[in-house]
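I have placed the structure first, in the form of structure tokens, so that the comments after it can refer back to it.
Every read-out reported here was derived from the displayed coordinates using simple, explicitly stated rules and does not represent laboratory data. Being a predicted model, the structure only gives us computed values, none of them experimental. Positions of Cβ are backbone-derived with ideal geometry, glycine not excepted, and every protein chain shown enters the neighbour counts.
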Amino acid sequence: MGDSEEGVDRGDEYRHADGSREIVFETAEGRVLCVREYPSVDAFRTAVEDAEYVGVDRNVADLPDVEEFETE
């Protein structure tokens, strides 16, 4: 995946009306991979209530914990 595609760049950050933040991680072939942070569990549940739960993505679930990436 490249760093920019069609004016969408890694690190672009968006704030939603529900208080969540969405940050572009990568773009490629017209697709955009983002990380979204919700202000609460309730906000997350509201946002996904109409979505179909399809299970656990092992590629993400098996990543190291955040603490592994922290520097002293």
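Label-to-label distance, H16 versus E29, with points set 7 angstrom from Cα along the beta-carbon direction: 2.6 nm. So if I take the alpha carbon set of the chain, get Rg, then get Rh from the Kirkwood formula, what is the Rg over Rh ratio? Radius of gyration relative to Kirkwood radius: 1.00.
Comparing mean-square fluctuations of D42, D62, D50 from a GNM of the chain with C-alpha springs under 10 Å, the top value falls on D62. Take every Cα pair under 8 Å whose residues are at least 6 apart in sequence, average their separation, divide by the length of the chain, and the relative contact order is 20 percent. A Gaussian network model of the chain, with springs between Cα atoms under 10 Å, assigns the largest mean-square fluctuation among V60, V48, V32 to V60. Dipole magnitude for the stretch 4-62: about 180 debye, using +1 per Lys or Arg Cβ and -1 per Asp or Glu Cβ, origin at the Cα centre. Taking a point 7 angstrom from the Cα of V8 along the C-beta vector, which residues in the stretch 34-56 have backbone N less than 12 Å away? Counting only backbone N, you get 34-35. Among the GluC sites (Glu not before Pro) within the stretch 4-45, those in coil by DSSP and having at most 15 neighbouring Cβ atoms inside 10 Å are E6, E29.
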